[in-house]
Amino acid sequence: MSGGGVRQEPLPDGRRAEPAPDLRAIHYTFRDEALEAAFQAATWPAYRRRVRRVVLLASALILLGLLAHVSGLQRFGDTPSGLALRAVALVALAVIFLECRRPTRSGALDVGILAATLAAVAAWLLPALLTDGEAQSPAVLIAVLALLLLVPQRYPLALTATLAFLAAVGIQAVADPSGTKIEFSLVLAAAGAFAIFNSREVKIASRRRFLAQHQVQALTQERDRATTNLTAALANMDQALLVIDQDQRVVTWSPRFLEVFALDPSFMEVGKPFSSITARLSEAGLLGRRGLDESLHDRITTPRAGDRLELPLTDGRFIDVRRNARPGGGLVITYTDITDRKRSELLFRRQAELDGLTGVINRAAFLARLESLLSDPSNAGIAVLLLDLDHFKVVNDQHGHASGDVVLKAVTERLRRALRENDLIGRLGGDEFVAALPDIATRHDVLIPVQRILVEVARPISVDGLEVTVGVSIGIALCPADGTQGRELLERADAAMYAAKSDARGYAFASREALDEPDARGKG
Amino acid sequence: MQHQFPHAMLPVALHDERARQDFVRSYKVDVLTRLGPGNREVFDRRAKPSYQRKTGQPPRSRREIATAMQGDAFWQMWSSLNRSGQEMMWEALTEPAFRERPRLVAQAQRLRRKRKSFGSLQISGDPVPRYIAAVDIHNQPGGYGLVLGQDDVYAGALYDLSAYHYSVGGLGPLGSDPGDSTVAFLREHHRRFAPRRILDLGASIGASTLPFADAFPKARIDAIDVSEGMMRYADARAKSLGKTIHFSQQNAERTNLSSGSFDLIVSHLFFHETSAAAVRNVMKECHRLLAPGGLMIHSDVPESNQFHPDPYDQWWRDWTTHFNAEPFRSTLRDTSLSKVAVAAGFAPRNVRELKIPSAAAVGVYKKTHGYGAEWHLVVATK
């Protein structure tokens with residue numbers, strides 16, 4: 001088998017079946033967009049707040065330095081006032097520099113920034129000191145550009161810095177067309193940009209964001225791994241699984257679930273109400289509303305935690321259904337196909353209940369089923385017939401026991417034919433049979449079934465080419481007139497059967513015979 | 001009391017069985033004629049005033065009377081006694097009929113063999129229609145469609161016994177009073193009428209078919225019924241009485257007989273055991289089967305509401321619908337058969353409904369008691 005994929009066989013009309021969709025994609029829709037949104041919502045406001053504060057502070061300082069420097073140059077030149085103003089600008093630069101001296105997550109970059117800043121300051125100061133104020137502008141420019149190139153351009157702050165640099169160039173060009181004092185402004189702007197990048201506030205915010213993102217990634221990976229394992233486990237599990245939430249909506253299911261209930265993969269989707277699944281199964285005739293008693297149906301349609309039931313499907317399968325609570329509300333429902341076990345159980349039980357020769361139930365099973373019939377309040381009344389074959393001994397003696405068996409089988413068949421499908425037929429042993437007829441309200445109702453039996457059984461039976469004829473005597477007891485207990489009814493029917501033996505009609509009622517006895521009349 | 005005529009197909013009751021039958025018959029007469037009128041008193045003195053107190057007005061329709069009476073203890077008791085009488089009757093009739101069944105089956109086979117010249121018998125083996133199969137009409141065990149075995153005549157034998165005991169002898173020794181009465185009506189009102197082909201619908205055991213054989217000896221008489229057991233029994237019974245009738249098992253709603261082939265079509269005690277839809281179909285089929293100028297006569301119990309305007313009488317007659325498994329009887333009483341006949345194609349001026357005296361009343365045989373003093377006819381000419 002390759003890759004766990006669903007084997008594709010051509011459909012009868014030549015089309016190929018739709019390829020099975022990736023289960024993971026269906027079952028565990030990984031909502032990255034949602035996760036991302038949550039992540040942004042959690043981290044972005046704090047980050048933006050911090051960065052904005054830093055940008056404002058740095059911008060104010062740069063502006064202050066620039067104004068001081070430019071006005072100093074223009075108004076006072078290298079006078080003491082001009083120098084004082086430039087000193088203010090230097091102080092601003094120093095503040096910015098101090099701000100960015102903090103360690104960062106990326107040491108290499110910071111060393112570069114620090115070195116570049118120092119180089120720029122040196123490039124501005126040393127020429128001015130050594131060569132009566134004339135600065136070496138190309139060297140400084142190169143240093144600043146190198147620094148800017150070092151900054152990864154994907155950060156929005158780099159853009160800010162670039163813009164600050166360009167603004168500084170512009171102001172400088174307006175203030176000092178000769179371009180002799182350009183260096184200071186450039187350095188100042190670059191330093192501001194670095195300061196913003198490396199400010200403690202921004203670093204903390206960035207780091208927090210990074211850590212949060214890392215955590216999310218780690219969690220996602222872990223989840224993916226778990227999901228993959230779970231999916232693989234579910235796909236290879238013999239048990240079917242369905243998980244529903246506290247609102248009884250589908251959370252997830254295993255592919256086996258679709259197989260067990262013959263559902264179309266497109267039918268199932270996350271969030272579908274559980275009731276729509278049971279409705280679909282009823283519609284498909286799998287649940288067999290008729291066959292289920294009310295309480296079982298309720299248990300199927302309203303699942304509760306801890307509930308366990310054996311669900312008979314109309315196609316003959318039995319499904320063991322277990323419902324367990326799901327952490328956080330809802331249920332985890334497992335479905336196990338126990339048809340084989342159930343069948344063998346039933347077979348075993350049936351065999352224990354059956355009479356080996358005739359295939360009808362034996363005395364114990366008959367009594368048990370009669371009791372359950374009697375306890376069913378929907379029954380208007382029940383007739384218990386006790387049947388004893390006439391002349392059966394003669395058949396046995398003259399034709400042998402094998403022939404007797406043939407006769408018993410034939411009689412059983414005829415009883416089945418004479419009675420309704422839901423009538424109970426049993427064999428008490430020997431040539432004694434017993435039957436229970438539900439929904440018999442009065443003696444009047446039982447006349448025709450009894451006469452049917454008499455007619456059917458009296459027809460000749462073919463045994464090894466010979467025709468033998470047996471008769472039957474039937475004792476009839478009615479519930480509730482003659483009793484409400486199984487044994488009691490059997491006893492009454494048995495007594496009536498003995499009366500029937502001497503009655504030309506071939507049948508006798510328990511109650512009439514009772515009326516004929518003086519004792520019973522006295523009691524009556 | 002006059003006895004049922006012991007023709008060769010009648011189950012013979014043993015001494016004890018006969019005693020039981022006699023008891024049940026007397027019991028039924030007593031419950032009906034001596035206790036039954038008590039209900040009227042109970043209604044007038046107890047149920048009606050109580051209903052009036054509760055609702056502010058006396059019960060006016062038979063449904064309101066049913067509401068007024070349903071909880072009354074006397075009525076419930078009487079109703080139970082009446083129902084038990086019916087069940088006891090069937091048990092008392094089933095015993096000899098079932099005991100005699102093998103003999104009757106053999107007898108019918110013998111008659112069919114020996115008396116080939118007396119009419120014919122065709123059995124289709126079709127099941128009876130649902131409206132017959134779904135209910136044991138007036139609680140006859142197994143219903144009209146009952147077939148217990150090969151060549152069975154059991155349903156017919158039971159019916160024959162019950163026709164006598166149920167009517168308490170009112171249908172005459174051969175149960176032929178409805179037919180006798182129709183014949184008497186024809187003799188009096190259609191003196192020149194000499195049908196050559198006669199058809200009897202829903203003939204059951206052919207009890208009312210036989211008088212036509214005597215009255216019109218030159219005519220060919222066909223009789224049909226949906227029940228296999230009835231037709232087989234009717235054939236043997238007619239043969240045993242020396243009458244020539246052609247019986248065939250089929251549904252009168254759609255026969256296989258050819259159109260316009262009958263001069264006289266009759267039925268007796270048929271419609272009250274037939275669903276309303278089937279009655280309409282039967283009328284249409286009659287119209288199809290009748291030759292121009294032919295006569296159709298349906299005779300049934302005279303209990304149509306047009307004869308009984310008193311709602312108490314109407315309610316009283318509902319008993320058998322509710323408690324004696326005759327589901328179509330109340331509906332029939334509400335139905336105008338003239339209208340059904342007209343709807344089936346008969347010209348309104350050719351349709352009439354009337355009550356005729358029963359043959360017993362005009363002295364064909366000595367009347368005993370029970371009902372049967374009158375019959376309700378719907379007569380139509382094509």
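A short reminder: the numbers here are calculations on the coordinates, not readings from a lab. In this text, all values refer to a predicted model and were calculated from it rather than measured experimentally. Cβ atoms come from the backbone with ideal geometry, glycine included; neighbour counts cover every protein chain shown.
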Please give the FRET efficiency for residue B:343 paired with residue A:420, using the beta carbon to beta carbon distance and R0 = 51 Å, rounded to the nearest 0.05. 0.80
Using θ = phi - 60° and the Karplus form 6.51 cos²θ - 1.76 cosθ + 1.60, what ³J(HN,Hα) does each residue of segment A:320-337 get, whole Hz, x for Gly and Pro? 7, 10, 10, 10, 10, 5, 9, x, x, x, x, 9, 10, 10, 10, 10, 10, 6
How long, wide and thick is chain B, going by the Cα atoms along their three principal axes, in whole angstroms, largest first? 68, 55, 39
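Can you compute the charge dipole magnitude of segment A:333-398 about its Cα centre, using +1 on each Lys and Arg Cβ and -1 on each Asp and Glu Cβ, nothing else charged? Give it in debye, rounded to the nearest 20. Mind dumping the intermediate values first?
Details: 8 positive and 10 negative charges, 46 e Å.
So the magnitude is around 220 debye.
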Approximate spin-label separation residue B:352-residue A:485, in nm, with each point projected 7 Å along Cα-to-Cβ: 7.2 nm
Expressed as cubic angstrom per residue, what is the convex hull volume of the alpha carbon set of segment A:430-499? 101 Å³
Relative contact order in percent for chain B (Cα pairs under 8 Å, 6+ apart) equals 18 percent
Counting partner chain Cβ atoms within 10 Å of every residue's Cβ in B:134-141, what's the average? 2
Order of B:218-226, A:251-259 by packing, highest average Cβ count within 10 Å first? B:218-226, A:251-259
What FRET efficiency, computed as 1/(1 + (r/R0)^6) with R0 = 45 Å and r the Cβ-Cβ distance, is obtained for residue B:27 and residue A:372, rounded to the nearest 0.05? 0.70
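Charges only on Cβ, +1 for Lys and Arg, -1 for Asp and Glu: so what's the dipole of chain B about the Cα centre, in debye to the nearest 20? Spell out each step's value before the answer.
On the way: 50 positive and 39 negative charges, 182 e Å.
Using Cβ point charges on Lys, Arg, Asp and Glu, chain B gives about 880 debye.
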Show me the ranking of peptides B:131-140, B:268-277, A:305-314 by mean Cβ neighbours inside 10 Å, starting with the highest. B:268-277, B:131-140, A:305-314
Determine the shielding of peptide A:438-448 by partner chains: average, over its residues, the number of Cβ atoms on other chains within 10 angstrom of each Cβ. 4
Starting from the Cα of residue A:351, step 7 Å along the direction of its Cβ; do the same at residue B:40; then give the gap between the two resulting points in nm. 7.3 nm
If I model a spin label at residue B:52 and residue A:42 as a point 7 Å from the Cα along the Cα→Cβ vector, what separation in nanometres do I get? 8.6 nm
Using amide H atoms built 1.01 Å from N in the peptide plane, name the residues 5+ places from residue B:246, or on other chains, whose amide H lies under 5 Å from its own. B:120, B:221, B:222, B:223
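By how many nm would the segment from residue B:7 to residue B:63 grow when fully extended, if each residue of separation counts as 0.36 nm and the alpha-carbon distance is taken off? Provide the component values of the computation, followed by the final result.
Details: separation 56, 0.36 × 56 = 20.16 nm, distance 4.43 nm.
Contour length minus the Cα-Cα distance gives 15.7 nm.
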Please give the calculated 222 nm ellipticity per residue for chain B, where each DSSP H segment of at least 4 residues contributes -39500 (n - 2.57) and the sum is spread over every residue; nearest 500 deg cm²/dmol? -13500 deg cm²/dmol
Farthest positive-ward along segment A:237-342 dipole, Cα basis, beta-carbon charges - from A:282, A:312, A:248: A:248
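Where does each of A:320-326, A:228-234 land if you order them by average Cβ count within 10 Å, highest first?
Values: A:320-326: 16.0, A:228-234: 14.4.
Going from most to least packed, we get A:320-326, A:228-234.
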Nothing charged except the Cβ atoms of Lys and Arg (+1) and of Asp and Glu (-1): what's the magnitude of the dipole of segment B:158-381 about its Cα centre? Round to the nearest 20 debye. 840 debye
